[in-house]
Amino acid sequence: MRHVRDSKLETRTARAKLKVSPTPYYRGIEPGLHLGYRKLASGPGTWVARRRVDGRYVTENLRGRDNKIILADDFADADNISVLDYWQAQDRAREVARADHIGGGSDQITVAAAIERYEASLKQRGGDVANAARIRLHLPNKLGRIIVAKLVKNDFAEWKEALADLSPASRNRINAALKAALNLAADEDERIAHRVWKTALKTVPDATEARNVVLPDPVMWGIVDASYDDSAEFGLFVETAAVTGARPSQIGRLLVRDLQADGHEPRLMMPSSKKGRGSKKIDRVPVPITADLALRLRTHAKGRSAHQLLLLMPGSGKQWRRSTHTRYFTEAVQRFDSSLPVSGDEDAITIYAMRHTSITRQLMRGVPVSVVAATHDTSEPMIRKHYAAFISDHTDALSRQALPSRTRESNVVSLKH
């Protein structure tokens, strides 16, 4: 790496002759980048980097891995860690500028780069990458360029304005995704100590949105049939969703060995979802299926090994992806009934309607909440929170069966007092 000489800065003897000044002494080391030396009244001086960003200069102290300000070798020998000589300081200033430009590098990571890392993490653990897309859809350019370690509450003002027209529940969802991205960046670099987004992006209370679209059986099976009109592969995918109530991501990870269709009680060993941060162990829970679906799945899997995917995309034979099954499902709904809402509406019918319908059907038929939660890979509190109305309907019906009757029958014996 080419070093730039400067007779006033390159030795401690030369720097000792400089006057104390709040303004650093600068030397340009490459276009748009200067190394600065700040002479203090006492003690060693410090190194700073001045970079041109979006038409203006940004100045910051060079810092070590412990986030402490790096000192010049005015009194102590340089160690290339916490004490740098002039030549080492040039190298460090270039590293800072390069890290900020590409969005990587410890405390120099920008908000936009943090979102990229978050998206990569989602892909790695099979999460919903649409969460990252939702952030980018609303992210102001100015906020995206800010270094995560330097965020302050006011930096989120434009972001809040961008979300102002959304429902409270939508704002909570998108804010949660942004906070997850920023938390990931902070988790990977302990020097990002102040997580201002925790208070700047507070959750809107009581903003639970009723998005549980429940389908009557004729509509549900009509959409399943319309899915088979697209292809046998997609029809199986949607019918499996309708029968099991599993998430599409779970269904897409089913293996041939997960189909247990030899006995009189066929089932699928459904893999758990990968929701949540970090890695998650994938368990499998038995979920009952109909004999008809079991036969179709067994026929579809014929000739494949136990460790291959059970449900494959038509033609390519690849795993189902959100971008593909979402488009196919929209087309199937429209093919069944073009008047049904499929986008831009709170009651839009997505493939998750199959899940909501399955959960609701089981609740209404008296299946215990604990069992419904287990077979649908969720928790009892979540079931009670999002399906309280259906639970109430069911408990009301049961309670009415136990109400006392005033009907008098001929064999009633009067009690003597």
**Study point:** FRET E, pair Arg321, Leu18, Förster distance 41 Å, beta-carbon r, rounded to 0.05
**Key:** 0.10
Review point. For the pair Leu166 and Gln260, what calculated FRET efficiency results from E = 1/(1 + (r/R0)^6), where r is the Cβ-Cβ distance and R0 = 45 Å, to the nearest 0.05?
Key: 0.55
Revision key, fill the gap. Summed over the other residues with a beta carbon less than 10 angstrom from that of Asp229, with K and R at +1 and D and E at -1, the charge totals -2
Point to revise | Estimated FRET transfer efficiency (Arg335, Arg304; beta-carbon r; R0 30 Å; 0.05) | key: 0.55
Review point. So what are the ³J(HN,Hα) numbers for region 39-50, from phi and the Karplus equation (6.51, -1.76, 1.60; θ = phi - 60°), rounded to whole Hz, Gly and Pro as x?
Key: 8, 9, 5, 8, x, x, x, 10, 9, 10, 10, 10
**Study point:** For Asn80, residues with placed amide H under 5 Å, excluding near neighbours
**Key:** Asp85
**Study point:** Separation of the His3 and Val371 label points, Cα + 7 Å toward Cβ, nm
**Key:** 7.7
Check your understanding: Going by average Cβ neighbours within 10 Å, how do the peptides 355-368, 315-328 rank, with the highest at the top?
Key -> 355-368, 315-328
Practice item. List the residues whose amide H sits under 5 Å from the amide H of Leu255, counting only those 5 or more places along or on another chain, with H placed 1.01 Å from N in the peptide plane. Key: Leu310
Exercise for review: Given the peptides 133-143, 41-51, arrange them by the average over their residues of other C-beta atoms within 10 Å, most packed first.
Suggested key: 41-51, 133-143
Review point. Which of the pairs Lys68/Lys153; Lys142/Lys385; Lys39/Lys179; Lys68/Lys198 have their Cα atoms more than 29 Å apart in this structure?
Key: Lys142/Lys385; Lys39/Lys179
Study note, to complete from the structure: Sorting Ile115, Val129, Trp159 by the position of each Cα along the dipole of region 111-200 (Lys, Arg +1; Asp, Glu -1; all at Cβ), the one nearest the positive end of that ordering is Trp159
Review point. What nm distance separates the two modelled labels at Val196 and Asp79, each placed 7 Å from Cα along Cα→Cβ?
Key: 3.2
Review point. For region 111-200, what is the charge dipole size about the Cα centre, in debye to the nearest 20, if Lys and Arg each add +1 at the Cβ and Asp and Glu each add -1 at the Cβ?
Key: 100
Revision key, fill the gap. Treating only Lys and Arg (+1) and Asp and Glu (-1) as charged, each at its beta carbon, one finds that region 12-102 has a dipole about its Cα centre, in Debye to the nearest 20, of 400
Check your understanding: Convex hull volume of the Cα atoms in region 217-400, per residue, in Å³?
Key -> 145
**Study point:** Relative contact order [Cα under 8 Å, 6+ residues apart], region 221-364, whole percent
**Key:** 29
Practice item. Quick one: compute the contact order of region 111-200, relative version, from alpha carbon pairs under 8 angstrom and 6+ residues apart, as a percent. Key: 37
Study note, to complete from the structure: By the Cα gyration tensor axes a ≥ b ≥ c (a/c under 1.5 gives rounded; else a/b larger than b/c gives prolate, otherwise oblate), the shape of region 305-372 is oblate
Check your understanding: Hey, what D do you get for region 111-200 in µm²/s if you plug the Kirkwood alpha-carbon radius into Stokes-Einstein at 10 °C and 1.306 mPa s?
Key -> 120
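Coordinate-derived values only; no laboratory data. Nothing here was measured: the structure is a model prediction, and the numbers come from that model. Backbone-built Cβ (ideal geometry, glycine too); neighbour counts: all protein chains shown.
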